[in-house]
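Below you'll find the structure, written out as structure tokens, and then a few comments.
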Amino acid sequence: MEEKKISSFLDRLKQNAKKQEHYGGKTEENEAKMDALNCINCGAGRTKHDGITHCGYCGYEFIKVKLTDGIYVKKEDNSL
Amino acid sequence: MFGLFNKKESGEPLPEWFATLEESKERWFLFLEKLEIKIEELCTAAIPELKELLATDEDIYKRTFHRVYAGVNGQLQNIREKARDTYDDKITEMYENIKPEISVLNPHYNLLSDFRTVCSERYHKDFEQKYEYWPNQLEKAQERDLEIEYQKIVTEFDAIKNKFNCKQCGGNITIEKIFFMTTYISCSHCQTQNTFDPSTQARMLQNFAKELAEQRTSHLYEIYLTENNKERELYHERHELSLSTIHEKDKKVLEQKNIQMDNLEKQRKEVIKNAPKLYHTYLRAMYDEWNKITPDLKEHNEKMYESQINN
């Protein structure tokens, strides 16, 4: 009797857990990918020595903040 | 049940309230026994279910598993609360109700205080000890071999590291290391900044890197724990010896025991000095391992290490 009660409690618990929607929705699982962004203003590509905050050709602003040293992005990546 | 109340104090007849106490005590013992059975049945049924759920839960954060885990833990806590509430309602209250009627000098006062002691020990020692065993067992159900997860990421990295081309010139781009967040990779041919977006699986690396490092260095942590626990063991051993000297009259035996006690105290002091050293050894090894798994976080990890050893 007691065992039956416990198994039904666990079954209900599992069912409810599976039914419940994940907070923030279902997570998407993505594959690794590579992309490149061209300047929205003039269409020029972004190159390493031009930095990443502004377009090296027309000066279009890609990123508003001034970059500081992070894990992968460094302060040298600010455009001049 | 234990024959503790069978003694008739000073030959006087037992008071009226004694029967009520006996009945309450019997019921309390039965009640705790039932709760203990319930806890055991719940956990023995839940642990295999939890393990299966952890293995089959497709969510990357294993959220379905964690919900069921929290549910089982909640049920356990409910049982514990039930025991506490009933103890307050039935045992403490009964004791408090009878206490004002009986003076401490009353020959039957012992019956009342024994009632409370026996019931309290059955609850605070036996029941709690049995209860505490189970949350640890449940926690073990959520352990998983992170080496398998790590291996999946390494295999994926090997498969993709030469797969990408520059979006501008089409030149090959080699991914140098396992990235766990979006980053810029410049093309070696045309210098275009390409944005590399790691897979969801690779992104998980920074979430479990520390746990994996802890798994890899757990043997060192065990060594530290064993050493740390020795302090109490040595203390109790010495304490037992010191108690045995109270009525000891033989000077030779006393001398021998004193030497033994000094020796134990010396060992205890040694352990107190040694345990933190072993902890630091473990911590350094763990952080080294962590840095090996995610070298890009080394600077950040080292700051954490510094603050951990200085506190």
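Kindly provide the helix-only [θ] at 222 nm of chain B, computed as the sum of -39,500 (n - 2.57) over DSSP H runs of four or more divided by all residues, to the nearest 500 deg cm²/dmol?
Helices in chain B give a 222 nm mean residue ellipticity of -23000 deg cm²/dmol.
Sites listed here are trypsin sites (Lys or Arg not before Pro) in segment B:194-286 whose DSSP assignment is loop and whose Cβ has at most 16 other Cβ atoms within 10 Å: B:Lys249. Under 5 Å from the amide H of B:Ile173 lie the amide H atoms of B:Phe164, B:Asn165, B:Cys166, each residue being 5 or more positions distant or on a separate chain, with H modelled from the backbone and absent for Pro and chain starts.
For a quick check of your reading of the filter: which trypsin sites (Lys or Arg not before Pro) in chain A sit in a DSSP loop and have no more than 12 other Cβ atoms within 10 Å? Write out the running numbers ahead of the final one.
Values: sites: A:Lys4, A:Lys5, A:Arg12, A:Lys14, A:Lys18, A:Lys19, A:Lys26, A:Lys33, A:Arg46, A:Lys48, A:Lys64, A:Lys66, A:Lys74, A:Lys75; in loops: A:Lys26, A:Arg46, A:Lys64, A:Lys66, A:Lys74.
For trypsin sites (Lys or Arg not before Pro) across chain A that sit outside H, G, I, E and B with at most 12 neighbouring Cβ atoms in 10 Å, the list reads A:Lys26, A:Lys64, A:Lys66, A:Lys74.
What value does segment B:9-144 have for Rg/Rh, both radii from Cα atoms and Rh as Kirkwood defines it? With Rg and the Kirkwood Rh in hand, the quotient comes to 1.20.
Charged side chains reduced to their Cβ positions (Lys and Arg at +1, Asp and Glu at -1) give chain B a dipole of some 960 debye around its Cα centre. Length gained on full extension, B:Glu299 to B:Lys252, computed as 0.36 nm times the residue gap minus the Cα-Cα distance: 10.8 nm.
With the simple model of a label 7 Å out from the Cα in the direction of the Cβ, A:Leu80 to B:Glu58 spans 5.3 nm.
What is the calculated FRET efficiency for B:Gln191 to A:Lys26, with r their C-beta to C-beta distance and R₀ = 41 Å, to the nearest 0.05? Provide the component values of the computation, followed by the final result.
Details: r = 39 Å, r/R0 = 0.95.
Efficiency computed from Cβ-Cβ geometry: 0.60.
Averaged over peptide A:24-34, the number of partner chain Cβ atoms lying within 10 Å of each residue's Cβ comes to 6. Sequence-ordered 3J(HN,Hα) estimates for segment B:44-51 from the Karplus curve with 6.51, -1.76 and 1.60 and θ = phi - 60° stand at 5, 7, 6, 4, x, 5, 5, 4 Hz, glycine and proline given as x. Calculated FRET efficiency, B:Glu233 to B:Thr86, Cβ-Cβ distance, R0 = 35 Å: about 0.45 to the nearest 0.05.
On the principal axes of its alpha carbon atoms, the protein assembly as shown extends 108, 62, 36 Å, with the longest extent given first. Which residues in segment B:186-201 have a backbone N closer than 20 Å to a point placed 7 Å from the Cα of A:Ala44 along the Cα-to-Cβ line? Residues B:186-195 fall inside that zone.
Amide H contacts for A:Thr47 (H built 1.01 Å from N in the peptide plane; partners 5 or more residues away or on another chain; cut-off under 5 Å): A:Gly56, B:Gln193.
Its Kirkwood hydrodynamic radius, worked out from the mean inverse distance over all distinct Cα pairs, puts chain B at 26.3 Å. For chain B, set up a Gaussian network in which alpha carbons nearer than 10 Å are linked by springs, and say which option among B:Ile272, B:Ile173, B:Ile259 fluctuates the most. Largest GNM mean-square fluctuation: B:Ile259. Would you mind checking which residues have amide H under 5 Å from A:Ala36's amide H? H placed 1.01 Å from N; only 5 or more apart, or other chain. Placed amide hydrogens put B:Thr195 under 5 Å from A:Ala36. Entry for segment B:206-310 at q = 0.10, 0.14, 0.18, 0.24 Å⁻¹: log10 I(q)/I(0) = -0.46, -0.65, -0.85, -1.16, Debye formula applied to identical alpha-carbon scatterers, no solvent contribution. For chain B, the cysteines with no partner cysteine C-beta closer than 4.7 Å are B:Cys43, B:Cys119. Grouping the Cα pair distances of segment B:101-212 into 10 Å bins from zero gives a pair-distance distribution of 11, 23, 15, 11, 9, 8, 9, 7, 5, 2, 0 percent in increasing distance order.
Label positions at B:Thr245 and B:Lys140, each projected 7 Å from the Cα along the C-beta direction, are separated by 4.1 nm. With bins 10 Å wide beginning at 0, the percent of Cα pairs of segment B:147-200 falling in each bin runs 24, 52, 19, 5.
Here the 3J(HN,Hα) profile of segment A:72-80, calculated from phi with Karplus coefficients 6.51, -1.76 and 1.60 at θ = phi - 60°, is 10, 8, 10, 5, 5, 7, 5, 6, 6 Hz, Gly and Pro shown as x. With contacts taken as Cα pairs under 8 Å and at least 6 residues apart, chain B reaches a relative contact order of 14 percent. Rg ratio for chain A: its Cα radius of gyration over 2.2 N^0.38 Å, N being its residue count, equals 2.18. Remark: spin-label model distance B:His124-B:Ile37 equals 2.8 nm, labels positioned 7 Å along the Cα→Cβ axis. Treating r as the C-beta distance of B:His280 and B:Asn73 and R0 as 30 Å, the FRET efficiency rounds to 0.35.
Taken together, the values in this text are just the output of simple stated rules run on the coordinates, not laboratory data. Predicted, not measured: the structure shown is a model, and the values here were computed from it. All Cβ positions, even for glycine, are placed from backbone atoms using ideal geometry, and neighbour counts span all protein chains on display.
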